[in-house]
Amino acid sequence: MRTDPAATARWVERGLVAAHVVPAHGWTAVLPAETGTRADHPYDDPALALASHPASTRMRPALGFFVLQGRGAVTVQDGRFTRATQWLVWEPGVGLVRPDGLRRPAPRALLHASHALARGVEEEELRGILTDPRGSALEWLLAVIDLLGLPGGGWLSGADSPRLVPGARVAEPTLGAVERFHSVVREDADDRAIAAEQADTRQKGKSRGR
């Protein structure tokens, strides 16, 4: 994230997973500090919890690099064209795929958000890496990070420890944030149950009227 560590720590506190908050050359990196979230299945994947947590306008641009169920995922939140999180999803042996319901950014948007365009990184060079189906999801992510000139590749791969970085800290979700999430999940489940019951009632009414 292109913001200071204190603001990033507050962002983590509003989420579901404890995370390392690491100052990194003008960026602040966020990495899961635990193997699960503070929520139950299916919301217990820490990487997915971070990837799904929107950044405020003041914290953008924000870029995310994740391995999700064997796929590589790059999230882009820049606020220039849309407030929605945009996703690049890559599958080994296939290359880029387009999951239903997710916006996909153009390579140029990723270059803008990472400031790589200003450093002379060519769009075609990035496109070549993004569409290359070879290797693993982690290898693909590390190649993207390296080309963009971003910090954090060693932390993502596990080669380096974020704990050793001066100024790094672990931030944890507040109890209130977790309780609010659970409340929203319960309300959503209740709404779906009511909608299903209403649909079933309408269907029975139609059947009796025939």
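Brief remarks on what is shown
- Taking segment 11-80 as the region of interest, the strands (runs of 3 or more DSSP E) fully inside it that hold 3 or more residues being surrounded by 15 or more Cβ atoms within 10 Å (Cβ to Cβ) and over 10 Å from the mean Cα position of the chain (by Cα) are 19-24, 27-32.
- Exactly one residue among 84, 49 is under 29 Å from residue 176 (Cβ atoms), assigned by TED's automatic domain parsing to the domain that holds residue 154, touching a Leu at 6+ places or on another chain (Cβ under 6 Å) and of a type outside the set (Asp, Glu), and that residue is 49.
- Taken together, the criteria place residue 110 among residues that are in contact with a strand residue (DSSP E or B) (Cβ under 9 Å, 6 or more places away or on another chain), assigned to a helix (DSSP H, G or I) and within 23 Å of residue 157 (Cβ to Cβ).
- Segment 81-107, subset charged (D, E, K, R) and outside any strand (DSSP E or B), residue surrounded by the most Cβ atoms within 10 Å (Cβ to Cβ): 104
The values are calculated or read from the model by the stated rules, or taken from the named source; none is laboratory data. Please read all numbers here as calculations on a predicted model, not as lab measurements. All Cβ positions, even for glycine, are placed from backbone atoms using ideal geometry, and neighbour counts span all protein chains on display.
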